[in-house]
Amino acid sequence: MSQSNLQQPIWAWIVLIGGGLFLLSAFPGIFFILFMSFWKANELSFFTIIYMTIALCILVVTLWGMKRAYGAIQHYNREKKSFLNEYFKDIDPLELSKTTTVQKKKPIWPWIALAPGALLLIGSGPGVLMLPIAPLFLAGMSTDSGTTPEYVPLLILVVGYGLMIGYIILVVKAIKALRAK
């Protein structure tokens, strides 16, 4: 086996993570649709059966895809381990210790900084388009009350846009830290 044939299945990671996030967010709704007919048995109809079937199909296909992706990752890891065993079997350990260099480990803080933003982006969906105007909207809504002090809209704007700018700077630094060698 050559090194060019051994490629990490990125699609498998995307399916595994995406399927897990989908199941995490959709499971309560699917659970409700599946057991809705037992709560109101007198309202069981043709459409209820169709919705239950669609929910079950979505659940089964997602779990099947995640199982296939997990199997592909396991297969890759087995092939990689056997390839490395074959490769390092012929090399003298003394020569290997002379030529190996210590690889610098990448920090974990960038992932901790990027994860909440990614989850917010996935969870918000199209609502993320509202994010740039959210402080303006909140500041405008705060002026509707007659007893609101005059500094509140400005405070909402400064804090809202300050948090956005701060997080953008943090994301840029996190990406630079991950790309650094």
In the stretch 123-180, how many residues are over 26 Å from ILE17 (Cα atoms) and outside any helix (DSSP H, G or I)?
8
Please identify the pairs in which a residue from the stretch 158-172 that is touching a residue at least 40 places away in the same chain (Cβ under 8 Å) has its Cβ atom under 7 Å from the Cβ atom of a residue that is surrounded by 11 or more Cβ atoms within 10 Å (Cβ to Cβ), counting only partners at least 6 apart or on another chain.
TYR167/GLY117; LEU170/ALA113; VAL171/ALA113; VAL171/LEU114; VAL171/GLY117
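Pull up the stretch 140-170, narrow it to residues that are β-branched (Val, Ile, Thr) and within 29 Å of LEU121 (Cβ to Cβ), then point me to the one that is surrounded by the most Cβ atoms within 10 Å (Cβ to Cβ). Reasoning before the result, please.
Keep residues of the stretch 140-170 that are β-branched (Val, Ile, Thr), which gives 143, 147-148, 152, 156, 158-159, 165, 168-169.
With the extra rule that they be within 29 Å of LEU121 (Cβ to Cβ), the set shrinks to 152, 156, 158-159, 165, 168-169.
Numbers: VAL152: 14, ILE156: 20, VAL158: 13, VAL159: 12, ILE165: 10, ILE168: 11, ILE169: 10.
The qualifying residue surrounded by the most Cβ atoms within 10 Å (Cβ to Cβ) is ILE156.
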Index of the failed condition, THR62 passing every other in (1) within 26 Å of GLY18 (Cα to Cα); (2) out of contact with any Phe, Trp or Tyr (no Cβ under 8 Å at 6 or more places or on another chain); (3) of a type outside the set (A, V, I, L, M, F, W, C)
(2)
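A short reminder: the numbers here are calculations on the coordinates, not readings from a lab. From a predicted model like this one, the values you see are computed outputs, not experimental measurements. When we count neighbours, we look across all protein chains shown, and the Cβ atoms used for this are built from the backbone with ideal geometry, even at glycine.
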